[in-house]
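The values are calculated or read from the model by the stated rules, or taken from the named source; none is laboratory data. Every value quoted in this text rests on a predicted model; they were computed, and no experiment measured them. Backbone-built Cβ (ideal geometry, glycine too); neighbour counts: all protein chains shown. Ligands, DNA and RNA are stripped out before the accessible areas are found, and what is left, the full protein with its side chains, is counted by its heavy atoms. Shrake-Rupley method; radii C 1.70, N 1.55, O 1.52, S 1.80 Å.
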Amino acid sequence: MSGTYLGMPAFPRAARTAVRDRTLRGNLRHATHTIRAKRAKAVTEVSDWAALREAGKQIKDHTLRHLDRYLVQVEEAVTAAGGTMHWAADADEANRIVTDLVKETGETEVVKVKSMATQEIGLNEALEAAGIRAYETDLAELIVQLGKDRPSHILVPAIHRNRGEIRDIFAREMGAWGRPAPKGLTDTPAELAEAARLHLREKFLRAKVGISGANFVVAETGTLVVVESEGNGRMCLTLPETLISVVGIEKVVPTWRDLEVFLQTLPRSSTAERMNPYTSTWTGTTDGDGPRTFHLVLLDNGRTDTLADEVGRQALRCIRCSACLNVCPVYERAGGHAYGSVYPGPIGAILSPQLRGTGSEIDASLPYASSLCGACYEVCPVAIDIPEVLVHLRERVVQGGAAMRRGNKVVLKPAKGHAAERAAMRAAQWAFTHPGVLRTGQRLASRTRRFHPRTLPGPGRAWTGSRDLPALPAEPFRDWWQRTRGGKDDAK
C-alpha cells in the first residue's frame with residue numbers, strides 16, 4: 001500500500017490525540033449515530049435480510065476460491081468488448097501503468113470518481129510527481145483534497161468535518177484549484193453543494209481523461225459497476241475520451257444474478273437507501289457513446305497473500321459499505337486518521353495489516369484497535385467475522401509464524417514490545433498443564449488477596465489503565481466445591 005500513511009504513530013498514540021479533539025468527537029458521534037439509525041430502519045424493511053447476507057457471503061467465498069478462473073474470464077470479456085487489460089502486482093506497478101497511459105494521451109489533467117484503490121496506492125501523488133494534476137469529483141473527496149487532508153471514513157471521507165469547516169475550506173482553497181467559491185458563501189448544505197457543482201462542472205467539461213474505481217466487476221460480461229449518490233461519478237465515467245479504471249482483484253463477482261444480491265445489501269448497509277440514486281455500468285467501449293478508449297487495471301497489492309490465509313481471507317469479502325465503522329465504539333471516539341490507512345475502522349484493522357504486513361509499528365498495533373464487542377460482525381452484509389480475524393492477527397503479531405509475502409512463504413518474527421505478553425502466555429500454558437501448580441497458585445492468590453493492587457505495574461499498566469483488576473474470591477472454586485459438595489458428584 002501507499003507510503004502516504006506509513007510512519008504514523010501506533011494506533012494507541014494516534015487515538016490518544018484524537019480523543020482530545022472535542023470537535024472531532026462531536027462530528028463523528030453525530031454522523032455515525034445518524035447513519036446507523038437509518039441503516040437499522042432500512043434493513044428491517046427486508047424480510048429476507050439474513051438470507052441475503054448469507055447469499056452475499058457464499059457468493060464472495062465461491063468467487064475467492066475460484067478467483068484465478070474468474071480473473072481470466074474478466075480479461076477475455078473486457079478484451080472482447082474493446083477494452084485493454086493491465087495487471088498490477090503492487091502499487092508501484094499500478095501507478096506506473098496509469099501514469100504512462102495518461103502521458104500517452106498528452107493530457108496533464110484528469111478527473112477522478114471516488115476510488116479507494118487509487119488512494120491505497122497513492123495514485124494522486126504519483127501523478128503529481130509526473131506533472132499530472134488529478135481532480136477529485138466526489139463531494140467528500142473534493143473537501144478532503146481542497147483541505148489538504150486525508151479521508152477518515154469509507155463512505156463519507158470528510159465525516160470529521162462540519163459544515164462551518166467545509167465552508168471555510170471552499171472559500172479559502174477553491175480559487176487555487178479552479179472556479180472560486182461564490183462570494184458570501186454560507187454553510188447551508190444547498191449553497192455548499194451548489195459551490196461544488198459549479199467548481200466541478202468546468203472540470204468535467206474540460207477533462208479528456210477520467211480515472212475510476214469500481215464497486216464490482218461482473219466476470220461473465222466484463223462489466224464494471226459504480227454506485228454513488230451524487231451523479232459526479234457518471235459525469236466522470238461518460239464525458240472523458242479515455243477512461244482508466246483501477247480495481248482490486250477481489251471486486252469480481254461471477255454473474256449479473258450475483259450482482260443483484262449486492263445491489264440490495266450495499267445501499268441499505270451504507271447510505272440506508274433502498275437503492276443507490278446512480279448505478280453506472282460500462283462494458284468496454286461503444287462507438288458514439290462514452291469514452292473511446294477504456295483501460296482496466298486489476299490490482300493485487302497484497303490481496304493474493306491475504307487470500308492464502310484461511311482465516312484472514314474473509315476480509316476480501318468486504319464490499320466497502322462502512323457499516324462496521326458506524327457501529328464501532330473505537331472508531332466513533334478515535335476517528336479514521338488514527339488507523340494510518342485509507343481503510344479505517346474495524347475492516348481497516350484487519351485489512352491493512354494483511355495487505356501491508358505487520359512489520360511497521362502502526363500495522364502491528366491495528367489488530368488491537370478493537371474492544372472485540374462484535375457489533376461489526378452483526379452489521380456486516382457479507383458476514384465477515386472481524387473479531388475472529390482480529391484475534392488471529394494478534395496472534396501473528398505476538399508469536400510471528402508462517403505467512404505469505406509477495407507470493408512467497410516467509411516466517412514472520414514476533415513484533416517488538418510483546419516479550420512480556422509472550423512470557424505471560426507461556427507461564428499460563430505451563431501452569432494450566434500442571435494441576436498441582438495451578439491449585440497451589442490459586443490458593444496462594446486467594447490468601448493474599450488483601451494485598452493485591454487495583455492496577456498492575458510495568459507492562460500491565462496498559463491493561464489496567466482503564467479498568468480495575470477483578471477482585472479474587474476468598475477461596476478457589478475447586479476448594480469451595482470440595483468443601484460444599486465433598487466431591488460427591490465427581491463419582492457419578
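Brief remarks on what is shown
- Normalised contact order of the chain, rounded percent, pairs of Cα under 8 Å and 6 or more residues apart: 19
- Label point at Trp463 placed 7 Å out along Cα→Cβ; residues across the range 383-420 whose backbone nitrogen lies under 12 Å: 420
- Between the range 150-198 and the range 316-362, the C-alpha centres lie 26 angstrom from each other.
- Rounded to the nearest 0.05, the FRET efficiency derived from the C-beta distance between Glu194 and Glu388 at R0 = 51 Å is 0.65.
- Rough spin-label spacing in nm, given labels placed 7 Å along Cα→Cβ, for Thr286 and Glu273: 2.2
- Extension gain from Arg426 to Glu202, taking 0.36 nm per residue of separation minus the Cα-Cα distance: 74.2 nm
- Coil-residue GluC sites (Glu not before Pro) of the range 256-356, DSSP, other Cβ within 10 Å capped at 14: Glu310
- Of the residues Val437, Val78, ranked by 1.4 Å probe accessible area with the largest first, the sequence reads Val437, Val78.
- Lysines with Cα under 30 Å of Lys41, excluding same-chain neighbours fewer than 8 positions away: Lys57, Lys60, Lys114, Lys251
- Within the chain, Cys236, Cys318, Cys321, Cys328, Cys373, Cys380 have no other Cys Cβ under 4.7 Å of their Cβ and so lack a disulfide-compatible partner by this rule.
- Extending 7 Å from Cα along the Cβ direction at Ala80 and again at Arg320 yields two label points whose distance is 2.7 nm.
- Take the range 222-274 with all the other protein chains still there, run a 1.4 Å probe, and you get 31 Å² of accessible area per residue.
- Legend: translational diffusion of the range 418-483 by Stokes-Einstein, Rh = Kirkwood radius over C-alpha pairs, 37 °C, 0.692 mPa s; D = 243 µm²/s.
- Of the trypsin sites (Lys or Arg not before Pro) in the range 168-207, the ones in a loop by DSSP (not H, G, I, E or B) with at most 12 other beta carbons within 10 Å are Lys183.
- Arg69-Thr433 FRET efficiency (beta carbon distance; Förster radius 41 Å; 0.05 resolution): 0.35
- Straight-line reach from Lys103: taking Cα to Cα under 13 Å and skipping same-chain neighbours fewer than 8 places apart, the aspartates and glutamates in range are Glu128.
- Taking the Cα atoms of the chain, the ratio Rg/Rh between the radius of gyration and the Kirkwood radius comes to 1.04.
- Full extension of the chain between Ala419 and Arg450 yields a length gain of 8.2 nm, computed as 0.36 nm times the residue separation minus the alpha carbon distance.
- When the P(r) is computed for the range 235-347, the part past 21 Å accounts for 56% of the Cα-Cα pairs.
- When Phe11, Phe451 are compared by accessible surface with a 1.4 Å probe, the order from highest to lowest is Phe451, Phe11.
- Over the chain: helical MRE at 222 nm, DSSP H runs n ≥ 4 each giving -39500 (n - 2.57), nearest 500: -15000 deg cm²/dmol
- Tensor-based shape of the range 366-411 (alpha-carbon gyration tensor, a/c under 1.5 rounded, otherwise prolate or oblate): oblate
- Debye intensity ratio in log₁₀ form over the Cα atoms of the range 286-420, taken at each q of 0.16, 0.21 Å⁻¹: -0.79, -1.25
- Compared with the alpha-carbon gap, the fully stretched path from Glu45 to Arg133 is longer by 27.3 nm at 0.36 nm per residue.
- Estimated translational D of the range 193-279 in µm²/s (Stokes, Kirkwood radius over Cα pairs; 20 °C; 1.002 mPa s): 151
- 13 Å beta-carbon shell around Lys114, net charge (K/R +1, D/E -1): -3
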